[in-house]
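Undergrad: Provided herewith is a single structure, encoded as structure tokens, for subsequent inquiry.
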Amino acid sequence: MSKLSGILRKYFITGLLVIIPMWGTYLILKTLFTSLDGVLGDLLQKQFHFYIPGFGVISLLFLILLTGLFVANIFGRKLVKMWEEFLQQVPVVRNVYSTVKAVVDTFSNPNKEKLSRVVLVEFPRKGCFTLGFVTGHPNEEISSIAGEPLINVYVPTTPNPTGGYMVLFPEREVKSLSMTVEEGMKMILSTGAVNPPSRKSNVVGSAESLLTGKRG
């Protein structure tokens with residue numbers, strides 16, 4: 001019975017890990033569809049006196065596409081820059097906008113230089129290890145006060161990587177990993193359920209590039 005119970009528990013957890021993301025995605029998309037279609041659909045109905053289910057979402061997608069095309073040219077970029085400069089002058093709004101924009105910019109393309117590589121660090125205490133992302137190096141003042149070379153490491157929380165800690169680790173305490181930034185993100189988002197393949201032959205080279213990244 002204990003063996004059967006173990007097998008059933010294993011299959012149950014496996015099924016749960018598959019169903020939860022699917023169901024969560026369905027609920028999020030359903031909520032977005034209902035909310036957006038309700039707002040834009042009501043607006044279209046008032047303005048044009050007709051309503052087609054889903055037309056509000058289609059209009060939103062079309063608006064996003066037009067916005068992308070507009071911003072892609074020089075005039076659009078200048079206009080967006082002026083708008084951002086205006087928002088930076090508004091108290092409270094500038095803090096919220098800057099934070100949201102920084103998070104979106106970072107995680108919309110995790111392969112950018114902002115998250116240059118995945119490392120293993122001891123956090124939140126000695127003997128406990130977690131994944132981190134190298135984001136750069138502190139200025140000379142900080143390194144001189146610390147008395148040794150430091151590395152900026154972002155340690156995200158799981159399953160929401162937009163929250164976390166920025167920790168300055170000594171270079172000697174940072175262990176470079178062979179996994180890519182995308183693979184590291186997948187591991188964090190899945191709470192460790194998705195593990196990237198091991199590339200032991202590349203670990204040495206990655207460690208060397210970590211230590212020389214500041215100078216390269």
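The values are calculated or read from the model by the stated rules, or taken from the named source; none is laboratory data. Just so it is clear, the model here is predicted, and its values are computed rather than measured. Quick note on the areas: whole protein, heavy atoms, side chains included, nothing else; ligands and nucleic acids left out. Shrake-Rupley method; radii C 1.70, N 1.55, O 1.52, S 1.80 Å.
Undergrad: Using a 1.4 angstrom probe and counting only protein chains, how large is the accessible area of Y165 in Å², to 10?
TA: Here the accessible area works out near 130 Å².
Undergrad: Just the accessible area for L120, please: 1.4 Å probe, Å², rounded to the nearest 10?
TA: Solvent-accessible area, nearest 10 Å²: 50 Å².
Undergrad: Okay, next question. Of F75, F133, F86, which has the most accessible area and how do the rest follow, probe 1.4 Å?
TA: From most accessible down to least: F75, F86, F133.
Undergrad: May I pose another question? Of all the accessible heavy-atom surface of segment 129-199, with the other protein chains kept in place and a 1.4 Å probe, what percent is carbon and sulfur?
TA: With neighbouring chains kept in place, the figure for segment 129-199 is 57 percent.
Undergrad: Going from most exposed to least, what order do D42, D37 have by accessible area with a 1.4 Å probe?
TA: Result, largest first: D42, D37.
Undergrad: On a 1.4 Å probe surface of the protein chains, which of I74, I142 comes out largest in accessible area, and what is the full order?
TA: Largest to smallest exposure gives the sequence I74, I142.
Undergrad: Please report the accessible area of E122 (heavy atoms, 1.4 Å probe, ligands and nucleic acids excluded) in Å², nearest 10.
TA: About 60 Å², rounded to the nearest 10.
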